[in-house]
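Following: one structure in structure tokens, then a few remarks.
The values are calculated or read from the model by the stated rules, or taken from the named source; none is laboratory data. In this text, all values refer to a predicted model and were calculated from it rather than measured experimentally. Here Cβ is always computed from backbone atoms with ideal geometry, including for glycine, and neighbour counts include all displayed protein chains. Just so you know, the surface numbers come from the protein's heavy atoms only, side chains and all, with ligands and any DNA or RNA stripped out. Shrake-Rupley method; radii C 1.70, N 1.55, O 1.52, S 1.80 Å.
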Amino acid sequence: MKRTKIFADANLVVGSIDRHIFGSFIEHLGRAVYEGIYEPGHPTADENGFRGDVLALIKELNVPIVRYPGGNFLSGYDWRDGIGPREKRPVRLDLAWFSTETNEFGTDEFMKWCKTTEIEPMMAVNMGTGTILDAAHLVEYCNHPGGTTISDMRRANGAEQPYGVRYWCIGNEMDGPWQTGHLTADEYGRKALEAAKLMRWTNGEMDGKAGPNGKLRLIVSGSSNHDMPTFPEWDRKVLEHTYEQIDLLSMHRYYMYSASRKRPLEDFLGSADDMHEFIGTLRATIEYVRAKERSSKRVGISFDEWNIWTVTAPRNEPLWKRAPHLLEDVYTFQDCLVFAGMMNTLLNNCDVVKAACLAQLVNVIAPIMTEKGGRVFRQTSFYPFRAIANNAGGETVRTISDSDLFETMYGGARCINEAVTHNKEKREVCVSVCNYAQEDREVVLELRSFGALRAAEYLEMASNDLFAVNSFDAPETVVPHERELPSVKDDRLTLRLPAMSWSFLKLNY
Ligand code: AHR
């Protein structure tokens with residue numbers, strides 16, 4: 001059996017893990033909101049119509065922050081449509097997803113849902129059809145205590161106290177011609193700069209100093225993916241316009257299994273390493289602009305849309321339907337392996353990736369699926385997310401590995417893909433490791449300078465069927481299994497990883 005050696009030392013730290021990298025995303029798209037998180041009349045719904053069965057699964061995932069309300073939807077959305085008495089809210093055409101938006105659920109409902117779930121909101125302002133003043137007014141609606149027409153509207157709508165929203169995305173995928181009100185990099189960069197200024201001033205931030213509610217964390221729209229013809233020039237230009245006003249550069253990336261590729265499986269399994277390259281380019285672009293601006297400020301990355309997205313069927317829902325079944329991908333076991341590797345990539349870049357959102361959370365390319373009026377199930381991808389988001393904290397430790405490579409359209413990718421984290425407070429070390437080889441592998445882990453380690457939990461996901469899925473009727477077809485704990489001797493332990501598998505080991509000292 002081939003053997004891979006992985007070495008990690010507690011003193012070689014990549015960076016501290018911001019828990020916001022375990023965030024997710026709810027867009028007014030398909031059945032994410034309606035029949036997803038919100039379904040009045042469902043047997044588990046509370047008095048606000050929030051589905052209790054969905055809430056329970058979200059709690060299991062331990063998601064700290066959720067981005068809202070879009071997505072492509074955002075760029076045609078007037079936030080005023082979603083506030084005030086429900087019967088007076090307008091019904092609109094949603095041009096992003098060719099659906100009907102009833103606006104039954106809006107900002108105040110989302111804030112209530114966040115309070116119920118104890119999740120931090122990451123709000124987004126429309127830079128497509130919206131103006132910089134609309135953006136500032138939404139900050140005022142959410143964060144100003146009262147005494148102005150707009151903040152008093154919030155109070156009249158039932159929220160006496162301001163919501164104190166900290167994270168704000170300035171637009172969504174503004175580099176994409178598919179975006180309502182798409183702009184060039186210079187047009188968007190200028191507009192985002194002015195929006196950022198107004199949003200900060202509205203939050204009481206003067207001359208770069210925190211306001212009474214602290215400072216906003218502003219996220220500017222970066223490249224939608226690295227196949228965009230404007231990548232990475234888009235990012236450079238936008239950063240050059242906005243660098244001193246913003247905190248994070250957004251990036252998005254979905255990977256897809258495509259049977260029509262030359263090496264369909266290998267190309268797909270190379271996603272995690274390619275994601276690492278993508279982050280590397282944007283990390284370098286940020287550094288370039290920082291040097292050019294002679295700035296001491298460090299801008300980070302908000303990877304606020306990432307996932308597997310395999311569009312398998314053409315849309316068969318009628319135009320303008322309310323809550324149509326859209327993008328309801330059912331994830332295979334193989335998707336879950338790639339997904340776990342992508343989580344490793346986020347951890348391994350935690351020095352620069354300071355927020356990330358799994359896109360999305362319920363029904364739409366999501367780890368949780370619901371039936372109208374009925375059941376829920378956990379997709380295959382649910383499990384690596386749950387294990388990593390609940391356990392991997394503190395800091396990521398650099399690993400040195402002699403893994404062999406396999407060939408992909410992106411170049412060589414590692415057969416053994418790992419991330420090691422260290423939580424000093426909890427005295428825990430976590431190892432997430434994918435075996436992308438077609439045969440079983442032995443991995444020798446040398447974990448130095450942590451203390452006397454003992455294995456505490458060892459999960460494995462493996463299957464003979466790469467295309468196995470979970471469903472409402474067979475919800476536990478693909479689940480992790482507990483394995484016998486390995487013993488640690490002289491800082492070393494050996495794991496036997498089945499071909500095409502993901503394993504998660506927790507140790508303490
Ligand atoms: O998450 C689905 C869509 O993917 C989002 O609306 C958009 O931002 C991206 O293209």
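Take the Cα of A259, step 7 Å along the line toward its Cβ, and report every residue of the stretch 467-504 whose backbone nitrogen sits under 13 Å from that point.
Backbone N within reach: 467.
Given charges of +1 on the Cβ of Lys and Arg and -1 on the Cβ of Asp and Glu, with all other atoms neutral, how large is the dipole of the chain about its Cα centre, in debye to the nearest 20?
The dipole of the chain has a size of about 840 debye.
Checking understanding here: applying a Kyte-Doolittle mean of at least -1.0 and a length along the axis of at least 27 Å (C-alpha), which whole DSSP H helices in the chain pass?
Membrane-span-like by this rule: 271-292.
What does the extension gain come out to for S295 and E187, with contour length at 0.36 nm per residue minus their alpha carbon separation?
Length difference between fully extended and current span is 36.6 nm.
In the chain, what percentage of the DSSP-assigned beta bridges are antiparallel, given to the nearest 5?
60
Could you tell me the convex hull volume per residue, in Å³, taken over the Cα atoms of the stretch 378-422?
Roughly 103 Å³ of hull volume per residue.
Can you tell me what percent of all Cα-Cα pairs in the stretch 179-270 are more than 17 Å apart?
The proportion of pairs with Cα distances above 17 Å equals 59 percent.
For the chain, with every protein chain kept in place, what is the accessible area per residue (1.4 Å probe, Å²)?
On a per-residue basis, 39 Å².
Can you divide the C-alpha Rg of the chain by 2.2 N^0.38 Å and report the result to two decimal places?
Rg over 2.2 N^0.38 Å, computed on Cα atoms: 0.96.
Looking only at the stretch 253-285, which residues have a backbone nitrogen under 11 Å from a spot 7 Å from the Cα of L466 in the C-beta direction?
Under 11 Å, as judged by backbone N against the label point of L466, lie 257-259, 263-270 of the stretch 253-285.
Considering only C-alpha atoms, what is the centroid distance from the stretch 138-186 to the stretch 298-359, in Å?
Value for the Cα centre distance between the two parts: 24 Å.
Using a 1.4 Å probe over the heavy atoms of the protein chains, calculate the carbon and sulfur portion of the accessible area of the chain as a whole percent.
So the carbon and sulfur contribution to the accessible surface is 51 percent.
To the nearest Å, what is the center-to-center distance of the stretch 108-122 and the stretch 247-277, using C-alpha atoms only?
31
Could you tell me whether the stretch 375-452 comes out rounded, prolate or oblate from its Cα gyration tensor? Rule is a ≥ b ≥ c as square roots of the eigenvalues, rounded for a/c under 1.5, then prolate if a/b exceeds b/c, otherwise oblate.
oblate
With a cut-off of 12 Å, note down the residues of the stretch 36-65 whose backbone N falls inside the zone around a label point 7 Å from the Cα of T116 toward its beta carbon.
Under 12 Å, as judged by backbone N against the label point of T116, lie 36-56 of the stretch 36-65.
May I ask which of K197/K292; K209/K354; K2/K424; K5/K426 have a Cα-Cα span longer than 31 Å here?
Among K197/K292; K209/K354; K2/K424; K5/K426, the Cα-Cα distance tops 31 Å for K2/K424.
Take each of the peptides 207-216, 348-357, 238-247, average the number of other beta-carbon atoms within 10 Å over its residues, and list them starting from the highest.
Sorting 207-216, 348-357, 238-247 by mean packing, highest first, produces 348-357, 238-247, 207-216.
Assign one of three labels to the stretch 308-361, namely rounded, prolate or oblate, based on the Cα gyration tensor with a ≥ b ≥ c the square roots of its eigenvalues; rounded applies when a/c is under 1.5, prolate when it is not and a/b is larger than b/c, and oblate otherwise.
Since a/c reaches 1.5 but b/c is at least a/b, the shape of the stretch 308-361 is classed as oblate.
Report the Cα centroid-to-centroid distance between the stretch 434-488 and the stretch 227-243 in angstrom, as an integer.
Using only Cα atoms to place each centre, the spacing works out to 39 Å.
If we sort 382-388, 115-121 on the protection proxy, mean other Cβ atoms within 10 Å, highest first, what's the order?
Output ranking for 382-388, 115-121: 382-388, 115-121.
Computed from the mean reciprocal separation of all distinct C-alpha pairs, what Kirkwood hydrodynamic radius does the stretch 24-147 have, in Å?
Evaluated over the stretch 24-147, this radius sits at 15.0 Å.
Per residue of the chain, what 222 nm ellipticity follows from adding -39500 (n - 2.57) for every DSSP H run with n ≥ 4, rounded to the nearest 500?
That comes out to -7500 deg cm²/dmol.
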